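*Asks:* This structure is in structure tokens; I'll ask about it shortly.
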Amino acid sequence: MIDQIRALLKECDGLLVAHYYQRDEVVEIADLTGDSLELARKASQSERSLVVFCGVGFMGQSVKILAPHKRVIMPRLACCSMARMIDDTYFDESIALMQSYGIHDIFPITYINSNAQVKAKVGAMGGVVCTSANAGKIFEYAQSHRKKIFFLPDRCLGLNLAKRYGIKSAILGVSSKEEVIDADIICYNGFCSVHQLFSVEDIEFYRSKYPEILIVTHPECPPEVVERSDFVGSTSQIIQYVTSLAPDQKVAVGTEYNLVNRLRKPYNGENHTFVLSSTKPECPTMNETTLEDILKVLQAYKDQNPYNEIQIPQEVGALAKQALDKMMELSK
Ligand code: 13P
Ligand code: SF4
């Protein structure tokens with residue numbers, strides 16, 4: 001099957017792209033792997049006319065927005081559950097609620113885990129997209145506008161940034177009106193169901209079992225987990241950090257299972273890399289894509305009967321592109 005996929009990719013001028021949370025079989029045959037920032041940048045800049053994106057919907061959409069001339073197909077139209085927590089209607093309602101509180105100078109930042117319509121709303125307001133890899137830089141740029149920052153949809157990433165920069169935060173619909181008015185960053189109440197699994201108890205368990213252990217987490221984890229971590233970063237940054245450690249350094253990692261499971265092989269017959277959770281932190285939608293799905297979607301594309309192709313209305317794409325282009329410019 002791998003040979004068939006390779007042959008079809010060649011015939012269709014396709015680039016096979018996979019996020020690190022994909023199944024091993026998919027990651028192993030991909031032309032390009034990375035975190036969401038790297039994949040958006042490299043896939044949109046590649047010379048191939050077709051991108052076959054193994055990931056979740058917002059990732060394929062980001063490539064299409066950045067490179068509208070490319071064809072982008074997804075073996076599975078899997079959706080990130082966090083991205084589903086906000087749409088353009090919820091966005092408008094959130095802005096209206098802030099305005100009803102007397103807040104009018106608003107600078108929106110949307111995490112890349114959001115759909116094209118939400119990115120377009122943000123672009124129309126002069127806002128920016130961010131990812132977990134560049135959130136600090138984007139946040140500093142937003143702060144220079146001296147407006148209230150509306151951060152969406154991930155409340156954890158927003159709260160973690162507020163803590164890092166020592167500024168006041170609130171969660172829309174959860175915090176009181178007074179707290180929202182007083183805050184410098186107002187977070188939308190979205191979250192990642194996978195990264196919510198990691199807890200302070202998990203950290204305490206590992207620290208008491210292995211006093212020398214390092215705790216590594218993704219910034220989608222809750223603030224009380226992030227503040228107790230030795231290293232916090234995007235999926236690429238986590239891989240870089242953990243693989244540069246001594247092979248016998250014990251580490252417990254708070255992110256998706258497929259990535260953690262591939263990080264390091266046992267050393268001297270002993271495992272030194274642990275999942276920071278007693279339950280398996282699997283992202284169900286990231287796990288959907290199989291080799292069969294890749295083969296089928298490519299065959300249909302070759303037969304001029306494509307399905308799961310990303311299409312974005314032109315005016316939505318143009319506005320969303322403004323917010324994504326700004327992010328790319330700021331994260332060079
Ligand atoms: P990265 O940008 O770190 O790859 O994260 C994407 C994501 O969805 C994490 O849950
Ligand atoms: Fe979305 Fe969470 Fe899955 Fe990442 S791990 S794709 S944020 S549901």
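*Asks:* Considering only helices (runs of 4 or more DSSP H) fully contained in the stretch 8-122, which possess at least 3 residues that are at pLDDT 95 or above and β-branched (Val, Ile, Thr)?
*Replies:* So the answer is 24-29.
*Asks:* Among the candidates Val242, Val216, Val253, Val180, which residue alone is within 16 Å of ligand 1 (Cβ to nearest atom) and assigned to a helix (DSSP H, G or I)?
*Replies:* Only one candidate qualifies: Val242.
*Asks:* Residues to consider are Val56, Val72, Val26; find the one that is over 20 Å from Val129 (Cβ atoms) and not basic (Lys, Arg).
*Replies:* On inspection, the qualifying residue turns out to be Val26.
*Asks:* Across the stretch 226-248, which residue is farthest from the chain's Cα centre (by Cα) among those that are under 22 Å from Leu159 (Cβ atoms) and in contact (Cβ under 8 Å) with a residue 40 or more places away in the chain?
*Replies:* Step by step, filter the stretch 226-248, then rank; the result is Glu227.
*Asks:* Right, another one. Output the residue which, of all residues in the stretch 24-65 that are under 14 Å from the mean Cα position of the chain (by Cα), under 24 Å from Glu11 (Cα atoms) and open to solvent by 30 Å² or more (accessible area, probe 1.4 Å), is farthest from ligand 1 (Cβ to nearest atom).
*Replies:* Residue satisfying both the conditions and the ranking: Gln61.
*Asks:* Okay, moving on. Going by the conditions given, is Ile167 away from ligand 2 (no atom under 16 Å from the Cβ), open to solvent by 60 Å² or more (accessible area, probe 1.4 Å) and of a type in the set (Val, Ile, Thr)?
*Replies:* Criteria not met by Ile167.
*Asks:* Moving on to the next point. Please state which of the following conditions Ala300 fails to meet, knowing it meets all the rest: (1) open to solvent by 20 Å² or more (accessible area, probe 1.4 Å); (2) small (Gly, Ala, Ser); (3) farther than 30 Å from Gly126 by Cα.
*Replies:* Ala300 satisfies every listed condition except (1).
*Asks:* Which of (1) in contact (Cβ under 8 Å) with a residue 60 or more places away in the chain; (2) away from ligand 2 (no atom under 16 Å from the Cβ); (3) part of a loop (DSSP other than H, G, I, E, B) is the odd one out, the single condition Gln299 does not satisfy?
*Replies:* Result: Gln299 passes all but (3).
*Asks:* Looking only at the stretch 189-205, how many residues end up being open to solvent by 30 Å² or more (accessible area, probe 1.4 Å), within 16 Å of ligand 1 (Cβ to nearest atom) and in a loop (DSSP other than H, G, I, E, B)?
*Replies:* Qualifying residue count for the region: 2.
The values are calculated or read from the model by the stated rules, or taken from the named source; none is laboratory data. The model shown is predicted, which means the values in this text are computed figures rather than measured ones. Please note: Cβ atoms are built from the backbone with ideal geometry, for glycine as well, and neighbour counts cover all protein chains shown. Calculation scope for accessible area: heavy atoms of the full protein, side chains included, ligands and nucleic acids excluded. Shrake-Rupley method; radii C 1.70, N 1.55, O 1.52, S 1.80 Å.
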